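Undergrad: Take this structure, written in structure tokens, and hold onto it; I'll ask about it next.
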Amino acid sequence: MNRPRFGGLWQDRDFLRLWAGESVSLLGAQVTQLALPLAAVYQLHASSTQLGLLNAANYAPFLGLTLFIGVWADRRRRRPLMIGANLGRAVLVGTVPLCAALGALNIWYLYLAALAIGVLTVVFDVSYQSYLPSLIDHDHLVEGNSKLSASSSVAQIGGPALGGLLISWMSAPIALLVNCVSYLVSVGSLSTIRRAEPLPEQPAERVSTARSIAEGLRMVLRNASIRAIALEAGTYNLCWMSLQTVFVLYAARHLGMSPGTIGLVLGAGAIGSLLGALGAGWLKERLGLGRAVMLELALCCCAPVLIPLAPGRGALSYALYITAFALCGLGSTMSTIHVVSLRQVITPPHLLGRVNAGCRFIAWGPLPLGALIGGWLGDEVGLRPTLWITAATFVLALLWVAFSPVRGLKDFPTDLPHQRTSASGSAPASGSASASASEDVDVEAAAAAAAPSPS
């Protein structure tokens, strides 16, 4: 009797190597996401404002360096950049427990470590999203992004719980060693990928960094679908970082949760992310791309109101906290899978690094601002009122996509200029501004053609 075999990317060994290494790395990163702020809270007695500054330092490079790194990534092979970034992150994360062991750990060092780790995270993330389309076929992008999002969801389930237990058993700085090892595992996995990565096409004439950045931003801002996606993500992320900054302090000091309990609450909420990763393809097939994205965003933008709605302690409150995080994970993961795949499909390959960087600049740039706002409001008006203010602001993020062409898409646009060029075997345009502008017009026309009829 023949045994059933997995198909699709399960047969792609190079993708499986990427997936395996990244899964381990994501688990370790989740430990750090909890351990770093808790090290500041429990060992250094950080205030709400200091915790906001720590989170802001971690995400500040997304605002200051993303656009330049996007140009850099478009001119180089992406896999070596990813390997170097993870090596650097392993070293930086490992210095925190070393400083703690020597009695030299202080809040200023945590600020500097978070900032440096953030720089390398920008390098990895911009390179990562640009590398995937060169590793797998476009027909497998949703499957690939779904598998990687599933790993992220599993990491969110297990990472905070593991981090909380490690912090309870040892200390927050020592728990960071788990992430250090996970980055090294990812380096080893990435190094074993055999499929050759093509050298990015170089323009016929040297183009300045400023002009290269402008070309990527032009694609983001002139394409209504990509623009709406980026602005929605920026608004959502600003609110999410405010929520995350305040909730950890609120749970630890006002609710009396132990590190293990905080980890379990956050980890249980991330079950929604896993369900979202597994169900994204199914929902798209049932509702169509645009309607699926709208439903997904409605879930993750409305769910945070359940957190301040909870009375405080007790079974009902814990149920509301878990439900809120679960719905945020469910909606945000599914929508991310779909909109990232949409961006990868409609962006010409020679602009992908810069467009990804431009989107990251708009989407992740507000993260440090959200951390600072959340920390400041937490000290000024109180932690729970800040949770209410943040929850109300989440709803505004939904409006960006509600009034964009994304809402009307039945599926990913096809037969775009760069897709026809790639199919014919000709080289793409050299990345001039005029080429980018003409492709934007054609992408929007394709999106309109794919939209359902008014009936």
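Undergrad: Which one of these does G164 not meet: (1) under 29 Å from A113 (Cβ atoms); (2) modelled with pLDDT of 75 or more?
TA: The one condition G164 does not meet is (2).
Undergrad: Mind counting the residues in segment 191-216 that are at pLDDT below 75, closer than 21 Å to Y128 by Cβ and exposed (fewer than 14 other Cβ atoms within 10 Å of the Cβ)?
TA: Number of matching residues: 2.
Undergrad: Mind counting the residues in segment 68-103 that are under 21 Å from the mean Cα position of the chain (by Cα), over 18 Å from I213 (Cα atoms) and not small (G, A, S)?
TA: Selection size over segment 68-103: 10.
Undergrad: Another question, then. Would you please list the contacts, defined by Cβ atoms under 6 Å and residues six or more apart or on different chains, that run from a residue in segment 250-261 that is modelled with pLDDT under 80 to a residue that is part of a helix (DSSP H, G or I)?
TA: P259/L38; P259/G164; P259/I167; P259/S168; G260/G164; G260/L165; G260/S168
Undergrad: Considering segment 363-402 alone, what residues qualify as being surrounded by fewer than 24 Cβ atoms within 10 Å (Cβ to Cβ) and of a type in the set (V, I, T)?
TA: Once the filter is applied, which keeps residues that are surrounded by fewer than 24 Cβ atoms within 10 Å (Cβ to Cβ) and of a type in the set (V, I, T), segment 363-402 yields I373, V381, I389, T393, V395.
Undergrad: Restricting attention to segment 285-323, which residues are within 30 Å of K410 (Cβ to Cβ) and outside any helix (DSSP H, G or I)?
TA: G288
Undergrad: What is the number of the single condition among (1) without any contact (Cβ under 8 Å) to a residue 60 or more places away in the chain; (2) part of a helix (DSSP H, G or I); (3) of a type in the set (A, V, I, L, M) that L274 does not meet?
TA: Against the list (1) without any contact (Cβ under 8 Å) to a residue 60 or more places away in the chain; (2) part of a helix (DSSP H, G or I); (3) of a type in the set (A, V, I, L, M), L274 comes up short only on (1).
Undergrad: Another one. Evaluate the following for R13: is it modelled with pLDDT under 80 and either of a type in the set (K, R) or buried (at least 24 other Cβ atoms within 10 Å of the Cβ) (or both)?
TA: No; evaluated as a whole, the condition is false for this residue.
Undergrad: Could you list, in sequence order, all residues of segment 343-362 that are of a type in the set (A, V, I, L, M) and surrounded by fewer than 24 Cβ atoms within 10 Å (Cβ to Cβ)?
TA: Once the filter is applied, which keeps residues that are of a type in the set (A, V, I, L, M) and surrounded by fewer than 24 Cβ atoms within 10 Å (Cβ to Cβ), segment 343-362 yields only V345.
Undergrad: Residue check, S317 against (1) more than 24 Å from A224 (Cα to Cα); (2) in contact with a Ser or Thr (Cβ under 7 Å, 6 or more places away or on another chain), all met but one. Which one?
TA: Unmet for S317, out of (1) more than 24 Å from A224 (Cα to Cα); (2) in contact with a Ser or Thr (Cβ under 7 Å, 6 or more places away or on another chain): (2).
Undergrad: Under 6 Å between Cβ atoms, which residue pairs at least 6 apart in sequence (or on different chains) link something in segment 18-38 that is surrounded by 21 or more Cβ atoms within 10 Å (Cβ to Cβ) with a partner that is outside any helix (DSSP H, G or I) and not charged (D, E, K, R)?
TA: If the second residue must be outside any helix (DSSP H, G or I) and not charged (D, E, K, R), the pairs left are T32/L176; A35/L176.
Undergrad: So which residues in segment 305-319 are hydrophobic (A, V, I, L, M, F, W, C) and either surrounded by fewer than 17 Cβ atoms within 10 Å (Cβ to Cβ) or touching a Cys at 6+ places or on another chain (Cβ under 8 Å) (or both)?
TA: Matches in segment 305-319: L309, A315, L316, A319.
Undergrad: Taking only pairs six or more apart or across chains, which ones have beta-carbon atoms under 8 Å, a first residue in segment 338-367 that is farther than 23 Å from M294 by Cα, and a second residue that is modelled with pLDDT of 80 or more and of a type in the set (D, E, K, R)?
TA: Sorted first by the residue in segment 338-367, then by its partner, the pairs are G353/R78.
Undergrad: Show me the helices (runs of 4 or more DSSP H) found entirely inside segment 374-455 where at least 1 residues are at pLDDT 50 or above, at negative phi and under 28 Å from the mean Cα position of the chain (by Cα).
TA: Output list reads 383-402, 417-424.
Undergrad: Now, a different point. Have a look at V293, V265, V305 and point out the one that is within 17 Å of the chain's Cα centre (by Cα) and in contact (Cβ under 8 Å) with a residue 12 or more places away in the chain.
TA: V293
The values are calculated or read from the model by the stated rules, or taken from the named source; none is laboratory data. Owing to the predicted nature of the structure, the values given are computational and were not obtained by experimental measurement. Methodologically, a virtual Cβ is constructed for each residue, glycine included, from the backbone with ideal geometry; neighbour enumeration extends over all protein chains shown.
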